[in-house]
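Taking it in order: structure first as structure tokens, then the write-up.
The values are calculated or read from the model by the stated rules, or taken from the named source; none is laboratory data. Remember, it's a predicted structure, so these values are computed and weren't measured experimentally. Here the Cβ positions follow ideal geometry from the backbone for every residue, glycine too, while neighbour counts run over all protein chains shown.
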Amino acid sequence: MLTPPEGGVPLLFVEIDHCYGSAQVLAAKIDTYMRFCRRKVKDADGMSGPMWRTRWWVPDGRHGDQPHPLLLLVFDRVGPRNPNTVIARLAELARRHRQGTAHDGFHLYDGKLPVVVTGMKQLKEHGPAGAIFRRFGRPQNQTLLEAIGNPRREAHDARQWAEHEARERAYKEQLRRVARERAAGRETRLRILRCIRRHIADHGEAPTMRQIGQAVGMRSRASVHYQLVELEAKCAIVREPGQWRGIRLA
């Protein structure tokens with residue numbers, strides 16, 4: 001068992017195999033590891049949890065994706081058995097313990113035992129940082145940190161986060177646009193209100209909608225009408241239905 005958190009590896013169970021035992025023997029050991037990982041104990045508050053967590057600290061996994069500590073099998077070809085043959089058979093025998101559940105383009109490994117294999121010769125040649133580790137269920141060798149991780153889940157989460165950020169930016173931009181439009185509308189209504197007051201003061205009567213539009217730079221009669229309705233709703237003016245200059249100040 002290794003706990004090297006300074007290297008980004010939270011917890012490893014390491015098993016050295018000298019190529020004397022069969023795949024069935026190793027599968028039985030994996031069964032033993034699973035029984036150990038599934039053992040529960042209660043803490044001081046009466047909460048039940050994995051016993052191994054009372055011995056070794058590891059970061060909490062993501063919801064629905066909290067596998068057991070990784071089992072690293074290092075094959076040292078001393079005995080007569082071919083490790084490649086043993087590994088292929090062992091991957092099948094251990095499938096029920098290590099295979100995740102498909103979910104939205106990736107797999108969840110909640111309660112599963114990740115099994116990673118490598119060779120002593122590869123470790124000596126490339127060191128522990130090399131891409132010499134094969135996790136059961138994956139097609140190619142990876143570095144140890146990659147083998148421990150869940151790259152498809154991480155890519156999925158990154159996409160989800162990017163989409164969330166994009167939605168947040170779009171929402172904030174929409175709020176800014178609405179605020180600008182409201183500010184522009186308030187300014188337009190103030191200009192219209194000043195136009196009406198000035199025209200009444202100068203001519204003794206309210207301006208027409210066409211005159212209002214010319215005074216404030218609005219070509220659309222419908223836009224002028226909309227702003228007059230808004231001013232009336234805010235009790236700034238009163239409009240007399242059916243009258244040509246039927247606008248008076250409230």
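Here Gln66 clears all of (1) closer than 18 Å to Ala147 by Cβ; (2) in contact with a Pro (Cβ under 9 Å, 6 or more places away or on another chain); (3) of a type outside the set (Ser, Thr, Tyr) except the condition numbered (2). I need every pair where a residue in segment 124-148 that is in contact (Cβ under 8 Å) with a residue 12 or more places away in the chain has its Cβ under 9 Å from the Cβ of a residue that is in a helix (DSSP H, G or I) and among the aromatic types (Phe, Trp, Tyr), sequence separation at least 6 or different chains. Going by the 9 Å Cβ cut-off, there are no qualifying pairs.
Put simply, of Ile237, Ile200, Ile196 the only residue that is touching a residue at least 24 places away in the same chain (Cβ under 8 Å) and touching a Pro at 6+ places or on another chain (Cβ under 7 Å) is Ile196. Can you confirm whether Leu145 is assigned by TED's automatic domain parsing to the domain that holds Thr101, over 30 Å from Leu249 (Cα atoms) and hydrophobic (A, V, I, L, M, F, W, C)? Against the criterion (assigned by TED's automatic domain parsing to the domain that holds Thr101, over 30 Å from Leu249 (Cα atoms) and hydrophobic (A, V, I, L, M, F, W, C)), Leu145 qualifies.
A quick yes/no check of all residues on (1) touching a helix residue (DSSP H, G or I) at 6+ places or on another chain (Cβ under 9 Å); (2) surrounded by 10 or more Cβ atoms within 10 Å (Cβ to Cβ); (3) of a type in the set (Lys, Arg); (4) under 22 Å from Arg89 (Cβ atoms):
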position	(1), (2), (3), (4)
Pro114	yes, yes, no, yes
Val117	yes, yes, no, yes
Ile132	yes, yes, no, yes
Ala147	no, yes, no, yes
Pro151	no, yes, no, no
Arg167	no, yes, yes, no
Arg182	no, yes, yes, no
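The one condition from (1) surrounded by fewer than 18 Cβ atoms within 10 Å (Cβ to Cβ); (2) modelled with pLDDT under 85; (3) within 28 Å of Gly149 (Cβ to Cβ); (4) not charged (D, E, K, R) that Leu11 does not meet is (1). For Gln227, the conditions (1) outside any helix (DSSP H, G or I); (2) surrounded by 14 or more Cβ atoms within 10 Å (Cβ to Cβ) are fulfilled apart from (1). Condition test on Arg177, is it assigned to a loop (DSSP other than H, G, I, E, B) and of a type in the set (Lys, Arg)? So Arg177 fails the test.
Of everything in segment 230-250, what is surrounded by 14 or more Cβ atoms within 10 Å (Cβ to Cβ) and part of a helix (DSSP H, G or I)? Give them in sequence order. Answer for segment 230-250, where residues must be surrounded by 14 or more Cβ atoms within 10 Å (Cβ to Cβ) and part of a helix (DSSP H, G or I): Glu230, Leu231, Glu232.
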